[in-house]
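Colleague: Got a structure here, written out as structure tokens. Questions coming.
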């Protein structure tokens, strides 16, 4: 069963999202997974839809927020990593005390959204091919200016981004800053890299990523043959299996 939900943010916008209920005999399961999509992404992307179906069968509630869009929601052009991080905390505050265990998944730019939020009382996180060292990312894939507007192309689709988000990525969260966030994180960290992503030069490689500065329990693996969206072959199956195995340790 899937429900729609809405939350009013501190700055007066509306966060929309989806809640998929666990296949369980329990009225309220003890564990919930919150999935944070990437930049210009959405909860209906293939890997997120697959994840929702997969994890509810394993007994988890699954929450998928939209970081923009919907009635009274932010527009993508008005978003920054700071608004994304605050929205992650807003979602967590809204379900505080409801579950014994809370797990977070972040795909692509959803990785830094979670790490910047520095949420408390999280059981563990899994970051799927997360963006890391953002100035390097924006240098390798700069936006194009069209009629005075910043446009980036993801998956063959052009997206309008705000100057504040672009300048934030160019000037903040370099390698050293990302490692500092990793050091101060409060929950075990798993990083899953896409070994043969078309965008591999832009995203985390397991030698250095969000787990690297963390001193607690951590894991970093690569999925052979996987693209950034985990649609090739059985890469999504392997992604979900690896994430479930990680979460079950806690």
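Colleague: 7 Å from Cα along Cα→Cβ at both residue 149 and residue 118: what's the point-to-point distance in nm?
Modeller: Result for the modelled spin labels: 3.6 nm.
Colleague: Compute the semi-axes of the equivalent ellipsoid of segment 18-101, taking the square root of 5 times each eigenvalue of the Cα gyration tensor, and list them largest first in whole Å.
Modeller: Equivalent-ellipsoid dimensions as semi-axes: 25, 15, 9 Å.
Colleague: Another question, then. How do the peptides 178-184, 5-11 rank, highest first, by the average count of neighbouring beta carbon atoms within 10 Å per residue?
Modeller: 178-184, 5-11
Colleague: Moving on. Given a 10 angstrom Cα cut-off, can you work out which residue in 210, 128, 138 is the most mobile in a GNM of the chain?
Modeller: Between 210, 128, 138, it is 138 that shows the largest mean-square fluctuation.
Colleague: What order, most packed first, do the peptides 226-232, 110-116, 74-80 have when packing is the mean number of other Cβ atoms within 10 Å of each residue?
Modeller: Most protected by this proxy first, the peptides run 110-116, 226-232, 74-80.
Colleague: At 0.36 nm per residue, minus the direct Cα-Cα distance, what do residue 196 and residue 23 gain on full extension? Give it in nm, one decimal, please.
Modeller: 58.9 nm
Colleague: What does the C-alpha gyration tensor say about the overall shape of segment 108-250? Classify as rounded when a/c is under 1.5, otherwise prolate if a/b is larger than b/c, or oblate.
Modeller: The shape class here is oblate.
Colleague: Rounded, prolate or oblate: pick one for segment 78-163, where a ≥ b ≥ c are the square roots of the eigenvalues of its C-alpha gyration tensor, a/c under 1.5 means rounded, and failing that, prolate if a/b is larger than b/c, else oblate.
Modeller: Note, shape of segment 78-163 comes out prolate.
Colleague: Measure out, as a whole number of angstrom, how far apart the alpha-carbon centroids of segment 53-77 and segment 83-160 sit.
Modeller: Using only Cα atoms to place each centre, the spacing works out to 13 Å.
Colleague: Hey, another quick one. How high is the relative contact order of the chain, given as a whole-number percent (alpha carbon pairs under 8 Å, six or more residues apart)?
Modeller: 17
Colleague: If you don't mind, there's one more thing I want to ask. Kirkwood hydrodynamic radius for the chain: how many Å is it when counted over pairs of different Cα atoms?
Modeller: 18.1
Colleague: Test of understanding: extend the Cα→C-beta vector of residue 224 to 7 Å, then name every residue of segment 181-197 with backbone N under 19 Å from that spot.
Modeller: 192-197
Colleague: Return the distance in nm (one decimal) between the two label points of a simple spin-label model at residue 96 and residue 248, each offset 7 Å from Cα along Cα→Cβ.
Modeller: 3.3
Colleague: So, in nm, how far is label residue 184 from label residue 163 when the simple model puts each one 7 Å beyond its Cα toward the Cβ?
Modeller: Taking the two extended label points, one gets 2.9 nm.
Colleague: Could you work out the helix-only [θ] at 222 nm for the chain, with each DSSP H run of four or more residues adding -39,500 (n - 2.57) and the total divided by the number of residues, to the nearest 500 deg cm²/dmol?
Modeller: Dividing the helical sum by the residues of the chain leaves -9000 deg cm²/dmol.
Colleague: Sticking with this structure for a sec: Applying a 10 Å radius around every beta-carbon, put 189-195, 32-38 in order of their mean neighbour count, most first.
Modeller: 32-38, 189-195
Colleague: Given Cα pairs under 8 Å that are at least 6 residues apart, what percent is the relative contact order of segment 82-129?
Modeller: For segment 82-129, the relative contact order is 46 percent.
Bear in mind these aren't lab numbers, they're just calculated from the coordinates by the rules spelled out. Quantities reported herein were computed from a predicted structural model and do not represent experimental measurements. Here Cβ is always computed from backbone atoms with ideal geometry, including for glycine, and neighbour counts include all displayed protein chains.
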